[in-house]
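Derivation of every value follows stated rules applied to the coordinates shown; laboratory data play no part. Predicted, not measured: the structure shown is a model, and the values here were computed from it. Cβ sites come from the backbone with ideal geometry, for glycine too, and all protein chains shown count toward neighbours.
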Amino acid sequence: METLKELFEETLKDVYFAEKTIVKSLPKMAKKAKSPELKRAFEEHTEQTKGQVERLDEIFKLIGKRASGKKCPALMGLVEETEELMGEVKDPQVLNAGLIGCAQAVEHYEIARYGTLRAWAEQLEMPKAVKLLEATLAEEKTTDEKLTKLALGRINRAADEDTKAPAAKRATAKPATAKPAAPKTKSTSPAKGKVKAASSGPATRSAKTPARKK
Ligand SMILES: [Fe+2]
């Protein structure tokens with residue numbers, strides 16, 4: 001491989017392999033998902049992925065090459081992790097949260113690849129390929145955002161609630177290490193107190209408080 005064009009072709013084969021693999025993997029994830037919204041999200045993205053394969057077919061045509069994939073160990077690793085999760089996690093809520101995590105790992109892989117390919121296509125002055133790659137890149141980003149919304153909207157919380165009860169029973173002996181430092185200071189400014197009281201309730205360790213809304 002000596003030229004950027006060759007590198008572009010090789011990476012195109014990489015994502016072609018990835019998309020073809022994802023088309024097979026997503027329905028399995030949809031089947032395993034216990035949340036109807038998550039199931040739907042995986043099913044929708046399966047259809048979308050088929051369209052992404054077609055876009056890659058077009059790009060291969062544009063460069064006058066036969067569409068073919070090249071085994072991508074990175075993607076295979078992500079798929080393996082997903083299968084491991086589906087085999088290991090018994091709790092349905094935790095499984096939902098885990099499936100989103102796995103799907104997002106794949107999305108981020110694709111976002112990285114398509115971002116690179118688009119930049120190379122631009123450099124190689126292939127405007128039609130740029131458009132096609134951009135269309136797929138936008139879909140991957142939207143899917144990633146949708147998964148984040150599902151996770152923060154309810155799925156992560158449901159997974160946590162589900163594990164909290166047994167965890168509380170187990171964790172009776174855990175000493176609070178952070179406590180001694182804070183409670184000693186007894187003077188809190190009365191002026192600020194009012195403001196604090198209003199906002200201290202919903203503030204939690206999560207930085208994304210908007211996700212808590214119903
Ligand atoms: Fe994709």
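List of remarks:
Here's the yes/no breakdown for (1) within 16 Å of the ligand (Cβ to nearest atom); (2) surrounded by fewer than 17 Cβ atoms within 10 Å (Cβ to Cβ); (3) outside any helix (DSSP H, G or I):
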site	(1), (2), (3)
Leu117	yes, no, no
Glu125	no, yes, yes
Leu132	yes, no, no
Leu137	yes, no, no
Thr143	yes, no, no
Thr148	no, yes, no
Ala151	no, no, no
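- Residue in region 102-115 that is farthest from Ala41 (Cα to Cα), counting only those that are crowded, with 22+ Cβ neighbours inside 10 Å and of a type in the set (A, V, I, L, M): Val106
- Hits in region 1-48 (condition: under 15 Å from the mean Cα position of the chain (by Cα) and crowded, with 19+ Cβ neighbours inside 10 Å): Ile22, Ser25, Leu26, Met29, Ala33, Leu38, Ala41, Phe42, His45
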